[in-house]
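FYI, it's all coordinate maths here, none of it is from the lab. Remember, predicted model here, so these are calculated numbers, not experimental data. A quick note on method: Cβ atoms are made from the backbone with ideal geometry, for glycine too, and the neighbour counts reach across all protein chains shown.
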Amino acid sequence: MEEQINENDRKELIEEKSVLDLTPDDSAPEPMKPKMRFFNFIDKFGDLFFLNILFALSCIPIITIGAAFTALYSVTNKMVDDKEGVVKDEYWKAFKENFKEATGAWIINLIYIVLLYLQYGYIMTHDNEISKMLFIVLGFEVILLCFELPLLFPMIARYKNTVFNHIKNSLILATVNLGTWFRMFSLWVIPVVIYYLRPTLFIYTWYLWILILTSLLAYICSIFLKKYYAKLEEKLPDE
């Protein structure tokens, strides 16, 4: 009789445990259905389209290109984390908050690029020892620009710092995170190489850069940067 009672108790415990084990599965969120994924994609695409228009308009003065790129990355970073609000409000808020640092960094890089162009012009029009030395120096200067620029505006969008510290940090962090840097660099440079090899292609696609392509590339870069930020912020000391 006692064995029968123990056996019944054991069965009841097993049944109770089975019910408890099923509880987390029942309460777990359902995976997004294909229809919901489609509408989510359309929503993201619409945001990127509108974001691209805002970016193109705010780049018109040229001097504001740095602030425009910073605001662009600020919004796409939030989009990757599904934390974006109203795109227009988020964009102009980031544009205003980072205007000073982003514009200062852009002006420094713009002057640097102009000096590189003048240096290249001298090399092409002179054949002497100075031009040969300048050619070697130019190579190193271009490499520095290529390492510094891809991470500069994403860093300004994410962190507060001085202009020169942003430039220095973007250069250092690119050299110690070559994988992230290379993916971002390639993403922006490949279209330039394609247009260089096929100049007529730009005539048929230039409007896409105003409508969607710039924000789309920034969004893809933000996907790359998500793990990069997490890795970087794990090493930052607590305030």
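Numbers for the structure displayed
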| read-out | value |
| --- | --- |
| J(HN,Hα) series, the range 87-104, from Karplus relation 6.51 cos²θ - 1.76 cosθ + 1.60, nearest Hz, glycine and proline x | 4, 4, 5, 5, 5, 5, 5, 5, 4, 6, 5, 9, 4, 4, 5, 5, 5, x |
| Neighbour-count ranking [beta-carbon atoms within 10 angstrom, fewest first] of Met155, Met36 | Met36, Met155 |
| Which of His126, His166 has the fewest Cβ neighbours within 10 Å, and the rest in rising order | His126, His166 |
| Cα-based Rg and Dmax for the range 166-226, where Dmax is the largest Cα-Cα distance (Å) | 13.9, 38 |
| Using θ = phi - 60° and Karplus 6.51 cos²θ - 1.76 cosθ + 1.60, couplings along the range 52-58 (whole Hz; Gly, Pro as x) | 5, 5, 4, 4, 4, 5, 7 |
| DSSP-assigned coil residues among trypsin sites (Lys or Arg not before Pro) in the range 105-192, each with at most 12 further Cβ atoms within 10 Å | Lys160 |
| Label-to-label distance, nm, for residues given as Ile63 and Tyr204 (7 Å Cα→Cβ offset) | 4.0 |
| Residue-by-residue Karplus 3J(HN,Hα) for the range 214-228, coefficients 6.51, -1.76, 1.60, Hz, glycine and proline x | 5, 5, 5, 5, 5, 5, 5, 4, 5, 5, 4, 6, 4, 5, 5 |
| Shape metrics for the range 36-153, restricted to C-alpha atoms - Rg then Dmax, Å | 19.1, 66 |
| Footprinting exposure proxy for Ser131, Ser58, Ser186, Ser74 (fewest neighbouring C-beta atoms within 10 Å first) | Ser186, Ser131, Ser58, Ser74 |
